[in-house]
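Take a look at the structure set out below.
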Amino acid sequence: MATAIAERLSATGQVNALELRGVTKYFGALAALSDVTLSVRPGERRAILGSNGAGKTTLLNCITGDFFPTSGTIRFFGEDVTTFPAHERIRRGLRRTYQISLLFGGLSVLDNVYLACLGVSRGRFSFLRPRRGDPLLESARALVHAVHLDAVADKKVAELAHGQQRQLEVALALAGAPRFLLFDEPAAGLSPAERGELVAILNSLPSHIGYVIIEHDMDVALRVVESVTLMHEGRIFKEGTPAEIESDPEVQELYLGHRHAA
Amino acid sequence: MAAVRARATPSADAKYEAARTGGIPAAGWLLALVLVMMPAIASDFFLVQVFGWAFILGTIALSLQFLAGYGGMVSLVQMTVAGFAGYMVAILGTSGLTQISLGWPFWLAVPVAILLGVLFGTVSGALAVRTAGIYTIMITLAIAAAFFYFTRQNETVFGGFLGFNGVRAPVFWGIDWRAPVPFYYLCLGWAAISWGLVVWVARAPFGLALQGIRDNARRMAALGFNVTAHRIAAYAFAAFLAAPAGVLLTWLNGQIAPGTVGIGPVIDILVIAVIGGLGRPIGPFIGALLYVLLRLFAMDLLVALGLSGQRFQLIIGLGFLLTVLFSPDGVLGLWERWIRPRLVGRAGGGR
């Protein structure tokens with residue numbers, strides 16, 4: 001698996017993992033995104049910060065194809081995927097998690113991960129049931145282990161604690177051979193201990209897998225990324241390293257909400 | 001991620017497999033035995049008009065149960081798919097309407113009719129899958145209604161108002177398949193195969209993914225599934241169950257006419273599936289048996305009570321209403337919630 005990714009990386013050369021040019025999204029007359037231009041290198045880990053309504057989740061939805069931008073182009077490892085349906089982008093190695101867990105509550109943890117593995121395999125339409133030692137089932141088990149959910153693997157997802165559901169969200173995004181991940185507030189509603197576990201999972205990802213993370217919690221966000229993009233009212237407001245962003249007076253004023261409080 | 005590969009214990013594997021396959025309980029084997037031995041105890045009338053008809057309607061309703069229960073798509077086009085295949089076997093094979101029927105031998109006419117039925121179901125599905133909820137019901141009902149009126153008005157291919165009569169099950173392997181006992185086994189055979197296929201597919205990757213799409217289509221797309229293609233494939237599979245049942249229905253009646261694919265029968269399939277229970281593949285057969293018994297005997301019962309025999313539809317309608325109100329998961333749900341716990345309790349112990 002790792003070699004396949006290395007081959008693809010060398011084949012793509014120095015092409016950016018994500019390349020957004022002038023992405024704009026209108027909901028009726030409301031501009032949720034205005035002229036967003038953004039590039040992220042392969043393996044780069046980037047946080048997107050911003051207040052509620054800054055357009056962070058809309059941006060993620062446009063990148064994964066949950067819906068299409070009104071204008072602009074989106075390239076994924078050099079390929080123009082602007083008009084691709086979501087499943088085509090996923091099959092090319094893009095993955096995401098959702099802000100509010102979108103899981104299959106009636107199925108077991110293992111079946112949830114199994115579905116994720118199936119989605120990026122060739123057996124999607126198979127009428128043959130998985131047998132002992134089935135490679136997909138094995139990789140599903142490995143993922144359940146990777147996000148520390150072995151103990152509840154056979155439990156129905158609806159019975160899981162919130163924190164465990166967030167961990168499962170991450171497992172679904174890691175299925176198959178991901179090349180780039182999008183995390184939408186993975187730490188939302190987690191306890192401090194669970195946050196620590198999440199940071200450990202994020203930091204244990206292979207270094208060639210880059211990601212974009214939306215996160216309100218600076219403690220989580222700034223501990224796992226090397227660059228930060230700050231969004232405000234559907235536009236990109238600032239870009240820089242975590243240290244630059246943290247010390248920027250304009251950012252402090254905006255992000256800490258002084259202007260809004262006034 | 002290769003670094004985090006887990007060693008699964010054999011016991012966990014075995015448990016997982018058992019949960020996936022699910023054994024057939026003893027009661028199931030007993031039921032199978034009774035159904036196979038039925039010709040020894042039941043009259044010809046019961047074999048064909050009660051059980052034969054119930055198996056056929058049950059299989060068509062099963063194709064709806066598969067789409068609605070596992071796919072979340074309430075399709076009213078399943079009776080039409082069956083009727084289309086029934087029409088095709090009359091048109092391609094032999095019937096009393098010799099100026100239309102092509103007179104193909106049954107071994108060619110039947111497979112081609114089923115294939116065309118599957119094609120019809122797949123195309124209907126392709127039209128319906130981009131809609132959801134009530135709109136799926138509306139569009140499939142529209143297709144069913146359009147086909148009904150088309151068959152009634154088209155004289156040159158579909159034989160107009162009267163349709164085709166004299167469509168008979170063939171004779172081969174030295175067996176006359178229109179005779180009651182062979183025909184009973186024919187219907188039982190296809191019903192059993194269809195039931196087994198649905199049970200199997202529900203736990204196969206295709207069926208699991210379909211249930212995932214039912215629960216959360218957006219997430220399935222974000223996992224790499226082509227939701228539209230998957231749904232259309234489900235319609236094709238459902239049509240593959242319903243189309244042979246439609247051929248059997250034509251043989252049972254000896255004829256096919258617009259009345260077979262009218263709005264009434266189309267709705268009846270939904271009623272059967274709901275009364276029986278959409279939760280499990282056995283539900284539609286329970287619903288079909290109840291429906292057939294009501295259709296055949298409610299009239300006598302009403303007349304005995306001094307009411308008009310025409311009111312049997314009222315009884316079916318009331319049954320539907322009571323089911324929807326008091327047991328939305330059908331007779332099957334009633335069994336699961338009320339009767340079985342009591343039986344198990346009385347047997348002393350309970351699990």
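Which of (1) surrounded by 12 or more Cβ atoms within 10 Å (Cβ to Cβ); (2) without any contact (Cβ under 8 Å) to a residue 24 or more places away in the chain; (3) assigned to a helix (DSSP H, G or I); (4) not β-branched (Val, Ile, Thr) does B:Trp338 not meet, given it meets every other one?
Among (1) surrounded by 12 or more Cβ atoms within 10 Å (Cβ to Cβ); (2) without any contact (Cβ under 8 Å) to a residue 24 or more places away in the chain; (3) assigned to a helix (DSSP H, G or I); (4) not β-branched (Val, Ile, Thr), B:Trp338 violates only (1).
Is at least one residue of region B:33-48 more than 21 Å from B:Ile263 (Cβ to Cβ) and crowded, with 19+ Cβ neighbours inside 10 Å?
Checked against the condition, which is being more than 21 Å from B:Ile263 (Cβ to Cβ) and crowded, with 19+ Cβ neighbours inside 10 Å, region B:33-48 yields at least one hit.
Just to confirm my filter: which strands (runs of 3 or more DSSP E) fall fully inside region A:35-144 and include at least 2 residues that are among the charged types (D, E, K, R), in contact with a strand residue (DSSP E or B) (Cβ under 7 Å, 6 or more places away or on another chain) and within 11 Å of chain B (Cβ to nearest Cβ)?
A:94-96
Could you list, ordered by first residue, the pairs with Cβ atoms under 6 Å in which the first is in region A:220-239 and part of a loop (DSSP other than H, G, I, E, B) and the second is of a type in the set (D, E, K, R), at least 6 apart or interchain?
Within 6 Å, the pairs are A:Val225/A:Arg45; A:Val225/A:Arg46; A:Glu226/A:Arg45.
Any residue in region B:258-277 that is open to solvent by 10 Å² or more (accessible area, probe 1.4 Å) sitting within a Cβ distance under 8 Å of a residue that is among the aromatic types (Phe, Trp, Tyr)? List the pairs, counting only those 6 or more apart or interchain.
Every condition considered, the pairs that remain are B:Ile263/B:Phe148; B:Asp268/B:Tyr291; B:Val271/B:Tyr291; B:Val271/B:Phe320; B:Val274/B:Phe320; B:Ile275/B:Tyr291; B:Ile275/B:Phe320.
Which of the residues that make up region B:229-256 are within 15 Å of B:Phe183 (Cα to Cα) and either within 14 Å of another protein chain (Cβ to nearest Cβ) or open to solvent by less than 20 Å² (accessible area, probe 1.4 Å) (or both)?
Passing the criteria: B:Pro244, B:Ala245, B:Gly246, B:Val247, B:Leu248, B:Leu249, B:Thr250, B:Gly254.
Run A:Gly163 past the list (1) in contact with a Ser or Thr (Cβ under 7 Å, 6 or more places away or on another chain); (2) open to solvent by less than 50 Å² (accessible area, probe 1.4 Å); (3) in contact (Cβ under 8 Å) with a residue 40 or more places away in the chain and report the number of the one that doesn't hold.
So the condition that A:Gly163 fails would be (3).
Here is a list of conditions, (1) open to solvent by 10 Å² or more (accessible area, probe 1.4 Å); (2) away from every other protein chain (no Cβ under 11 Å); (3) modelled with pLDDT of 85 or more, and A:Leu181 meets all of them except one; can you say which number that is?
(1)
Check B:Arg168, B:Arg203, B:Arg178 and return the single one that is surrounded by fewer than 23 Cβ atoms within 10 Å (Cβ to Cβ), modelled with pLDDT under 90, in contact with a helix residue (DSSP H, G or I) (Cβ under 9 Å, 6 or more places away or on another chain) and at the interface with another protein chain (Cβ under 9 Å from one of its Cβ atoms).
Within the list B:Arg168, B:Arg203, B:Arg178, the selection yields B:Arg203.
I'm trying to understand the selection: among the residues of region B:212-228, which are open to solvent by 10 Å² or more (accessible area, probe 1.4 Å) and either more than 7 Å from every other protein chain (Cβ to nearest Cβ) or farther than 27 Å from A:Phe84 by Cβ (or both)?
Passing the criteria: B:Arg214, B:Ala217, B:Val227, B:Thr228.
For region A:67-94, enumerate the residues that are open to solvent by 10 Å² or more (accessible area, probe 1.4 Å) and charged (D, E, K, R).
A:Arg75, A:Glu79, A:Asp80, A:Glu88, A:Arg91, A:Arg92
For A:Leu222, state whether it is open to solvent by 30 Å² or more (accessible area, probe 1.4 Å) and in contact with a Pro (Cβ under 7 Å, 6 or more places away or on another chain).
Answer is yes for this residue.
Tell me, yes or no, whether region A:162-185 has at least one residue that is in the same structural domain as A:Val15 (by TED's automatic domain parsing) and farther than 23 Å from B:Phe225 by Cα.
Yes - at least one qualifying residue is present in region A:162-185.
Report yes if some residue within region A:43-61 is more than 30 Å from A:Met218 (Cβ to Cβ) and open to solvent by 40 Å² or more (accessible area, probe 1.4 Å); otherwise report no.
No, region A:43-61 contains no residue that is more than 30 Å from A:Met218 (Cβ to Cβ) and open to solvent by 40 Å² or more (accessible area, probe 1.4 Å).
Return the pair list, or none, for Cβ contacts closer than 7 Å from residues in region A:64-80 that are of a type in the set (Lys, Arg) to residues that are assigned to a loop (DSSP other than H, G, I, E, B), at least 6 apart or on different chains.
A:Arg75/A:Val81
Closer than 25 Å to A:Thr24 by Cα and either free of Cβ contacts under 8 Å to residues at least 40 places away in the same chain or in a helix (DSSP H, G or I) (or both), is that true of A:Glu250?
Spelling it out, A:Glu250 is indeed closer than 25 Å to A:Thr24 by Cα and either free of Cβ contacts under 8 Å to residues at least 40 places away in the same chain or in a helix (DSSP H, G or I) (or both).
For A:Ile201, state whether it is under 25 Å from A:Val23 (Cβ atoms), among the β-branched types (Val, Ile, Thr) and in contact (Cβ under 8 Å) with a residue 24 or more places away in the chain.
In short, no.
Report whether or not A:Ala158 is surrounded by fewer than 17 Cβ atoms within 10 Å (Cβ to Cβ) and under 24 Å from A:Arg92 (Cβ atoms).
So A:Ala158 does not fit the description; no.
The values are calculated or read from the model by the stated rules, or taken from the named source; none is laboratory data. Treat the numbers as computed from the prediction; the structure is a model and nothing was measured. Note that we place each Cβ from the backbone using ideal geometry, even for glycine, and neighbour counts take in every protein chain shown. Heads up: the accessible areas ignore ligands, DNA and RNA and are worked out on the full protein's heavy atoms, side chains in. Shrake-Rupley method; radii C 1.70, N 1.55, O 1.52, S 1.80 Å.
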